[in-house]
1. I need the full set of residues from region 11-25 which are open to solvent by less than 60 Å² (accessible area, probe 1.4 Å) and within 16 Å of ligand 1 (Cβ to nearest atom), in order please.
2. Working only within region 24-39, note down all residues that are modelled with pLDDT of 75 or more and more than 17 Å from residue 5 (Cα to Cα).
Amino acid sequence: MKYVCPLCNGLYTVQRNCIKCNGSMDDQGAVVNYHDNYSPYLLDEITNNVDGVRKDQCLHLFRCTDCGFEESYAIQREIY
Ligand SMILES: [Zn+2]
Ligand SMILES: [Zn+2]
């Protein structure tokens, strides 16, 4: 049994609207992946905690296609 993020694994996409202009926001991927660029030596468990997000959630960065506003959003992982 393990937690799998449906967005990271392409199971489905989440539609978010921009709080600034109500435009559509695109999933830019997991925030953890961005952190990995700066801290390649951290273990998965540690990186998960860096964002202050629970292990069963995956923090994703969304960017508005209209105004460029960025917002992170915790995606609930699913158990497989
Ligand atoms: Zn994810
Ligand atoms: Zn916007």
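1. Step one: list which residues in region 11-25 are open to solvent by less than 60 Å² (accessible area, probe 1.4 Å), which gives 14, 16, 18, 23-25.
14, 16, 25 - these are the residues of region 11-25 that are open to solvent by less than 60 Å² (accessible area, probe 1.4 Å) and within 16 Å of ligand 1 (Cβ to nearest atom).
2. Passing the criteria: 24, 25.
The values are calculated or read from the model by the stated rules, or taken from the named source; none is laboratory data. Worth saying up front: this structure is predicted, and the values here are computed from it rather than measured. For neighbour counting, all protein chains shown are included, and Cβ atoms are generated from backbone atoms with ideal geometry for every residue, glycine included. We work out accessible area using only protein heavy atoms, side chains counted, and drop any ligands, DNA or RNA first. Shrake-Rupley method; radii C 1.70, N 1.55, O 1.52, S 1.80 Å.
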